[in-house]
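Peer 1: What follows is a single structure, and I will ask about it in a moment.
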Amino acid sequence: MYSITTPIYYVNADPHIGHYYSTLLADVIARWQRVKGKRVFFQTGTDEHGQKIEQAAKSKDKTPLELATEVSNSFKKTFLMAGFTFDRFIRTTEPKHKLLVQKLWTKLSKDDHIYLGKYSGHYNISDECFVAKGQVEERLDGYYCQTTGVKLIWQEEDNYLFRLSKFQSKLLQHYEENPNWIIPNSRQNEIIKFIQDGLEDLSISRSNCEWGIPVPDEAKKTNSTIYVWLDALTNYISGSWKDDSELFYNPDVWPAEVHVVGKDILKFHAIYWPAFLMAADIPLPKRIIAHGWWTKDGEKISKSTGNVFDPIQKSVEYSSDALRYYLLREASFGHDGDFVETRLQSKLNCDLADKLGNLVCRATGKRLLPDGTIQRKPSKEEYSESDKSLINEISKLVVHVDSCLTHQFDIQSAVISIWETIGTLNQYFAQQAPWRLKTQDVKRYQTIMYIILESVRILSILIEPIIPVAAARIQNIYQPILENPFDWGKLEEGIMLNIPENFVLFTKIA
Ligand code: MSP
């Protein structure tokens with residue numbers, strides 16, 4: 001089983017393009033594994049406890065659970081409308097999740113990884129974390145976090161602490177043994193440096209927040225709740241956990257193959273999470289992919305800037321494939337991207353409508369294919385040098401796309417290469433001019449049409465994780481090929497293609 005997760009989303013505000021993007025990346029990877037015939041378990045969900053939600057609910061005159069349920073439903077609806085293919089949507093307010101978090105706490109406590117201490121420091125409610133001294137900036141009206149600019153509050157309380165400092169060398173050893181655990185690799189170096197600078201024990205309970213999972217009774221010396229990050233990270237194992245099992249995870253699904261996270265929450269996933277798992281003798285996930293952030297027209301997306309937009313609205317306006325394509329093509333791997341609507345429009349017009357849409361429509365149109373059948377399957381000996389070079393490019397493309405989506409997770413590179421080959425195919429089409437040969441040299445015309453239609457068939461599978469709606473529409477033209485669909489020559493002579501009337505794949509935006 002190939003198991004992949006997204007972060008779980010805070011329920012203090014409705015989903016926006018950043019949340020959509022994290023889930024989109026996981027969806028692309030999950031879809032590709034399914035294309036390859038793997039069974040996939042894809043989990044997403046919502047992170048519902050903590051001070052941030054408690055405060056947001058208060059300001060809206062709602063109970064935290066009311067707010068959480070409302071916003072969680074909105075996330076689920078958005079992801080369903082987006083066509084994301086998740087198998088499990090977890091909420092951290094589910095009883096089974098709460099039970100596992102408490103069981104995990106009890107185990108950590110029994111094994112002496114937790115102790116009662118005092119904790120004081122500057123707290124960032126928005127990110128739900130204490131901020132290290134070096135990161136705190138004093139201004140006239142208070143203290144601020146240097147990296148995020150968020151105003152901090154002073155918190156001092158009796159807390160339970162997790163002996164994170166004990167895991168410093170084990171974590172470093174893990175990174176040494178797994179040089180590609182974090183992708184992109186530059187982020188792994190940042191994490192290693194952070195660990196090398198020294199880890200302090202981590203406060204994992206809150207006595208000033210009621211909206212959370214209570215610290216289990218047997219350990220209770222203060223009336224506190226479990227730190228929301230320990231609670232939230234546990235979703236990765238609780239989502240598939242069988243509560244009648246001795247184990248803390250479901251071995252069919254865990255360890256996850258990939259956690260997709262934004263760069264802002266890497267530290268929690270790359271330091272705290274593996275340390276908790278090591279302490280509880282639970283295997284670690286196999287890989288973490290950290291993506292960059294989206295701005296809009298050069299500005300941070302935030303309520304205060306007033307530039308938050310609903311991704312579903314954009315996909316209704318331009319099609320869900322266009323939004324997916326734009327996001328995947330625009331941001332280079334692991335780096336930030338800037339959302340500019342006119343760029344989305346030009347990608348839709350140029351790459352999708354002109355390059356791909358026209359190719360498919362011309363190749364399947366009545367002018368070139370009046371009876372809609374594959375008239376003849378050419379023998380290999382008939383292929384010219386330019387035919388061979390195109391076929392060779394396609395077979396190399398299959399290998400490259402697989403490597404990008406399975407190993408490097410460089411989705412942008414996969415997209416760029418696919419569209420380069422679409423470009424090559426368009427050129428081939430123009431150079432070979434099958435419309436001219438149709439009457440002059442029927443045999444050659446049939447060979448060219450076979451090559452074009454077979455190329456389009458293979459390309460339609462390669463684009464499935466990127467633009468699944470268009471991919472399915474192209475694939476519907478052909479009869480399904482179950483075994484080795486990427487192999488050249490699967491299209492058989494005499495096959496009747498199922499070509500819709502007035503077939504238009506993408507409509508241009510004026
Ligand atoms: N609840 C935590 C995650 C817990 S995971 C065990 C959280 N939630 S979040 O809702 O604030 O963010 C979730 C994801 O959305 C993160 O991966 C974050 O990077 C992503 N994004 C939020 N805003 C974003 C952009 N503007 N651009 C890209 N992604 C960003 O953190």
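The values are calculated or read from the model by the stated rules, or taken from the named source; none is laboratory data. Bear in mind the structure is a predicted one, so any value in this text is a computation, not a measurement. Reconstructed Cβ throughout: ideal geometry from the backbone, glycine too, with neighbour counts over all protein chains shown. SASA here: full protein model, heavy atoms, side chains in, ligands and nucleic acids out. Shrake-Rupley method; radii C 1.70, N 1.55, O 1.52, S 1.80 Å.
Peer 1: Roughly speaking, to the nearest percent, how much of region 358-507's 1.4 Å accessible area is carbon and sulfur?
Peer 2: The computed percentage sits at 51.
Peer 1: Same structure again: Averaging over every viewing direction, what projected area does the convex hull of the Cα atoms of region 385-466 cover, in nm²? Kindly include the intermediate steps, with their values, before the conclusion.
Peer 2: Values: hull surface 20.7 nm².
For the Cα atoms of region 385-466, the hull's average projected area reads 5.2 nm².
Peer 1: Could you tell me how many degrees, from 0 to 90 and to the nearest 10, lie between the Cα long axis of helix 385-403 and the main elongation axis, the longest principal axis, of the Cα atoms of the chain?
Peer 2: The angle comes out near 10 degrees.
Peer 1: Using θ = phi - 60° and the Karplus curve 6.51 cos²θ - 1.76 cosθ + 1.60, what whole-Hz ³J(HN,Hα) does each residue of region 59-72 get, with Gly and Pro shown as x?
Peer 2: Coupling constants for region 59-72: 5, 9, 6, 10, 7, x, 5, 4, 4, 4, 5, 4, 6, 4 Hz.
Peer 1: Going through region 458-510, which trypsin sites (Lys or Arg not before Pro) have at most 13 other Cβ atoms within 10 Å and a DSSP loop state?
Peer 2: Passing sites in region 458-510 are Lys508.
Peer 1: Test of the criteria: in region 193-249, which trypsin sites (Lys or Arg not before Pro) are in a DSSP loop and have at most 16 other Cβ atoms within 10 angstrom of their Cβ?
Peer 2: Numbers: sites: Lys193, Arg206, Lys220, Lys221, Lys242; in loops: Lys220, Lys221, Lys242.
Here the sparse-neighbourhood loop sites are Lys220, Lys221, Lys242.
Peer 1: For Lys151, which aspartates and glutamates qualify as cross-link partners when the Cα separation must be under 18 Å and same-chain residues fewer than eight apart are set aside?
Peer 2: Answer for Lys151, where 18 Å is the Cα cut-off: Glu54, Asp127, Glu128, Glu137, Glu138, Asp141, Asp264, listed by chain and number.
Peer 1: Could you give the Stokes-Einstein D for the chain in µm² per second, using the C-alpha Kirkwood radius, 4 °C, 1.567 mPa s?
Peer 2: D = 51 µm²/s.
Peer 1: Taking amide H atoms as placed 1.01 Å from N in the peptide plane, list the residues 5 or more away in sequence, or in a different chain, whose amide H sits under 5 Å from that of Ala256.
Peer 2: Distant-sequence amide H within range of Ala256: Lys286.
Peer 1: Just to check I understand the Karplus step: with θ = phi - 60° and J = 6.51 cos²θ - 1.76 cosθ + 1.60, what whole-Hz values come out for region 343-353, glycine and proline as x?
Peer 2: 5, 4, 4, 6, 5, 4, 5, 7, 6, 8, 6
Peer 1: For Lys347, give me every one of the aspartates and glutamates with a C-alpha distance below 15 angstrom, ignoring sequence neighbours fewer than eight places off in its own chain.
Peer 2: Filter leaves Glu317, Asp321, Glu330, Asp338, Glu420.
Peer 1: Quick check: residue separation of Lys242 and Thr147 times 0.36 nm, minus the Cα distance between them. What number comes out in nm?
Peer 2: Using 0.36 nm per residue and subtracting the Cα-Cα distance, I get 30.2 nm.
Peer 1: Quick one: which residues, 5+ away or cross-chain, put their amide H under 5 Å from the amide H of Cys129? H built at 1.01 Å from N.
Peer 2: It is Asn124, by chain and number.
Peer 1: Check Thr295: other-chain or 5+ apart residues with amide H under 5 Å from its amide H, H built from backbone geometry?
Peer 2: Gly337, Asp338, Phe339
Peer 1: In the chain, with Lys and Arg counted as +1 and Asp and Glu as -1 at Cβ, which of these residues, Thr23, Ser238, Gln479, has the Cα nearest the positive end of the dipole, that is, farthest along it?
Peer 2: Most positive-ward Cα: Gln479.
Peer 1: Summing +1 for each Lys or Arg and -1 for each Asp or Glu, what net charge is found among the other residues whose Cβ lies under 12 Å from the Cβ of Ile451?
Peer 2: So the surrounding residues net to +2.
Peer 1: Further, regarding this structure: Grab the Cα-Cα distance for Glu137 and Lys263, subtract it from 0.36 nm times how many residues apart they are, and report the gain in nm with one decimal. List each step's numbers first, then the result.
Peer 2: Details: separation 126, 0.36 × 126 = 45.36 nm, distance 2.21 nm.
Full-extension gain reported as 43.2 nm.
Peer 1: Would you compute, from DSSP H runs of 4+ residues alone, the mean residue ellipticity of the chain at 222 nm, taking -39500 (n - 2.57) per run and dividing by the full residue count, rounded to the nearest 500?
Peer 2: Rounded to the nearest 500, the figure is -13000 deg cm²/dmol.
Peer 1: Where only protein heavy atoms count, and the probe is 1.4 Å, what is the accessible area per residue for the chain in Å²?
Peer 2: Accessible area per residue, the chain: 44 Å².
Peer 1: Taking the Cα centre of region 436-476 as the origin, how large is its charge dipole in debye, to the nearest 20, when only Lys and Arg (+1) and Asp and Glu (-1) carry charge on their Cβ atoms?
Peer 2: On the way: 6 positive and 3 negative charges, 49 e Å.
Taking the Cα centre of region 436-476 as origin, the dipole is about 240 debye.
Peer 1: Note the full-extension length gain between Asp371 and Asn223 as 0.36 nm times their separation in residues minus their Cα-Cα distance, in nm to one decimal.
Peer 2: Numbers: separation 148, 0.36 × 148 = 53.28 nm, distance 7.68 nm.
Length difference between fully extended and current span is 45.6 nm.
Peer 1: What is the distance, in nm, between label points placed 7 Å from the Cα along the Cα-to-Cβ direction at Asp441 and at His407?
Peer 2: Computed distance between label sites Asp441 and His407 equals 4.0 nm.
Peer 1: Follow-up. May I ask you to derive the relative contact order of region 125-225, considering only C-alpha pairs under 8 Å and at least 6 residues apart, and to give it as an integer percent?
Peer 2: Reported relative contact order: 23 percent.
Peer 1: If you don't mind, another one. To the nearest µm²/s, what D does Stokes-Einstein give for region 422-510 at 37 °C and 0.692 mPa s, using the Kirkwood radius over alpha carbon pairs as Rh? Walk me through the intermediate numbers first.
Peer 2: On the way: Rh = 14.5 Å.
Estimated diffusion coefficient is 227 µm²/s.
Peer 1: Of Lys58/Lys96; Lys377/Lys508; Lys38/Lys300, which ones are farther than 31 Å apart at the Cα? Write out the running numbers ahead of the final one.
Peer 2: Numbers: Lys58/Lys96 26 Å; Lys377/Lys508 34 Å; Lys38/Lys300 38 Å.
Lys377/Lys508; Lys38/Lys300, as the Cα separations exceed 31 Å there.
Peer 1: Something else: For region 182-262, what's the radius of gyration and Dmax over Cα atoms, in angstrom?
Peer 2: Calculated on Cα positions, Rg and Dmax stand at 16.4, 43 Å.
Peer 1: Here is a follow-up. So, in nm, how far is label His335 from label Glu420 when the simple model puts each one 7 Å beyond its Cα toward the Cβ?
Peer 2: For the pair His335/Glu420, the computed spacing is 1.6 nm.
Peer 1: Show which lysines lie in cross-link reach of Lys170 when reach means a straight Cα distance below 27 angstrom and same-chain residues fewer than eight apart are skipped.
Peer 2: Straight-distance partners of Lys170: Lys103, Lys107, Lys110, Lys118, Lys133, Lys193, Lys263, Lys267, Lys286.
Peer 1: With a 1.4 Å probe and all protein chains left in place, how much of the accessible area of region 205-327 comes from carbon and sulfur atoms, in whole percent?
Peer 2: So the carbon and sulfur contribution to the accessible surface is 47 percent.
Peer 1: Shifting gears a bit: What net charge do the residues around Gln475 carry, taking every other residue with its C-beta under 11 Å from that of Gln475, with Lys and Arg at +1 and Asp and Glu at -1?
Peer 2: Counting the neighbours of Gln475, the net charge comes to +1.
Peer 1: I want to check the label-to-label distance for Lys508 and Trp154. Put each point 7 Å from Cα in the C-beta direction and report it in nm to one decimal.
Peer 2: Between Lys508 and Trp154, the label points sit 6.4 nm apart.
Peer 1: Jot down the per residue volume, in cubic angstrom and as a whole number, of the convex hull over the alpha-carbon atoms of region 355-414.
Peer 2: 132
Peer 1: Then there is this: Hey, what's the Kirkwood Rh for region 96-200 if you take every pair of different alpha carbons, in angstrom?
Peer 2: Numbers: mean 1/r = 0.0612 Å⁻¹.
16.3 Å is the Kirkwood radius here.
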